[in-house]
Amino acid sequence: MPTGFAIEPMRLEDIPEVVEIERACFAMPWPASAYKRELKNPSSTRYLVCRHYVAEPVLPSLDAPSHRKSSFVAKVLPFLKSDQEASPAHAPNPNPLVGYGGLWLMMDEAHITTLGVSPEYRGKGLGEFLLIGLIDVAMALGASWLTLEVRVSNKTAQNLYEKYTFKVSGRRKGYYTDNNEDAYIMWSDEITKLAFREKYKQLKAELLNRLANRTELAAPAGTPVQTDPARPLVTPQEQEEAAMHDEE
Ligand SMILES: CC(C)(COP(=O)(O)OP(=O)(O)OC[C@H]1O[C@@H](n2cnc3c(N)ncnc32)[C@H](O)[C@@H]1OP(=O)(O)O)[C@@H](O)C(=O)NCCC(=O)NCCS
């Protein structure tokens with residue numbers, strides 16, 4: 001299996017690492033219990049993580065449950081019930097979690113609830129990598145639009161979303177209670193339309209190419225990056241639904 005970065009479904013055992021990044025990202029971090037609740041509601045929520053595979057994963061052993069085993073299983077058999085079960089002990093992971101994101105699906109709208117990258121990994125395309133993971137999931141689930149709230153001062157995040165067609169459609173006064181800051185409400189273009197699909201395909205190809213060519217991101221240097229976030233994240237049934245959606 002290649003080393004590099006991979007997008008995977010978030011599992012309960014990822015939560016301690018997620019919460020650590022969350023604290024570095026947000027003034028009002030969600031507690032671990034909020035993520036546990038989200039993961040227990042897989043019918044309308046999807047949460048992803050980006051993990052940096054520094055070490056070669058060890059093939060799973062049937063009698064020794066470990067983080068690596070679950071991680072391996074998550075790649076080949078996504079959304080198995082066992083993936084959602086926490087491992088009893090949390091040991092430091094040699095392949096650190098570097099970012100995460102999530103969405104809620106409401107009818108044909110995918111609401112991005114969170115997106116964060118560890119400060120030392122920012123500016124390397126990983127926030128974008130996670131966003132395309134979320135867009136792929138939204139498409140596979142049959143969503144027509146993506147929407148989100150973002151602090152009016154958070155130009156970095158707004159730039160990222162604008163790159164993927166999001167536009168400001170409104171403002172929520174005092175949405176963030178820590179400093180009473182307003183939120184912009186942003187909506188993407190219609191993701192089922194050909195114009196979006198073509199633009200998205202091109203942006204995604206550019207990003208994946210950029211990630212694959214940034215040798216400082218892969219460890220050991222020069223080894224391939226696993227850059228297809230779509231495949232492990234949707235069930236065969238979801239893929240079928242997405243294909244039907246595409247044909248409409
Ligand atoms: C927003 C965030 C997820 C971006 O992640 P990242 O990995 O640093 O971003 P990427 O390297 O993937 O950059 C993607 C795009 O974001 C924008 N961007 C990234 N860093 C930027 C910066 N310092 N200034 C302005 N725009 C920036 C650019 O549009 C960039 O595209 P480009 O490379 O073509 O210019 C990250 O800064 C973060 O975790 N911030 C704290 C949490 C947060 O604000 N989350 C969003 C909540 S709505």
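Quick one: in region 32-49, which of the residues that are away from the ligand (no atom under 16 Å from the Cβ), surrounded by 12 or more Cβ atoms within 10 Å (Cβ to Cβ) and without any contact (Cβ under 8 Å) to a residue 40 or more places away in the chain is nearest to ARG122 (Cα to Cα)?
Ranking the candidates gives ALA32 first.
Among the residues in region 114-131, are any assigned to a helix (DSSP H, G or I), hydroxyl-bearing (Ser, Thr, Tyr) and either within 16 Å of the chain's Cα centre (by Cα) or near the ligand (Cβ under 9 Å from one of its atoms) (or both)?
Scanning region 114-131, I find at least one residue that is assigned to a helix (DSSP H, G or I), hydroxyl-bearing (Ser, Thr, Tyr) and either within 16 Å of the chain's Cα centre (by Cα) or near the ligand (Cβ under 9 Å from one of its atoms) (or both), so the answer is yes.
Filter region 103-113 for residues that are away from the ligand (no atom under 11 Å from the Cβ) and buried (at least 20 other Cβ atoms within 10 Å of the Cβ); which is nearest to GLU22 (Cα to Cα)?
Among those that are away from the ligand (no atom under 11 Å from the Cβ) and buried (at least 20 other Cβ atoms within 10 Å of the Cβ), it is LEU103.
Return a yes/no flag: does region 143-166 have any residue that is over 29 Å from GLU20 (Cα atoms), of a type outside the set (Phe, Trp, Tyr) and either in a helix (DSSP H, G or I) or within 14 Å of the ligand (Cβ to nearest atom) (or both).
yes
The numbers here are math on the coordinates, done by the rules we state, and not lab data. All figures in this text were calculated on a predicted structure; none of them were measured in a lab. Ideal geometry is used to build each Cβ from the backbone, glycine not excepted, and the neighbour counts take in all protein chains shown.
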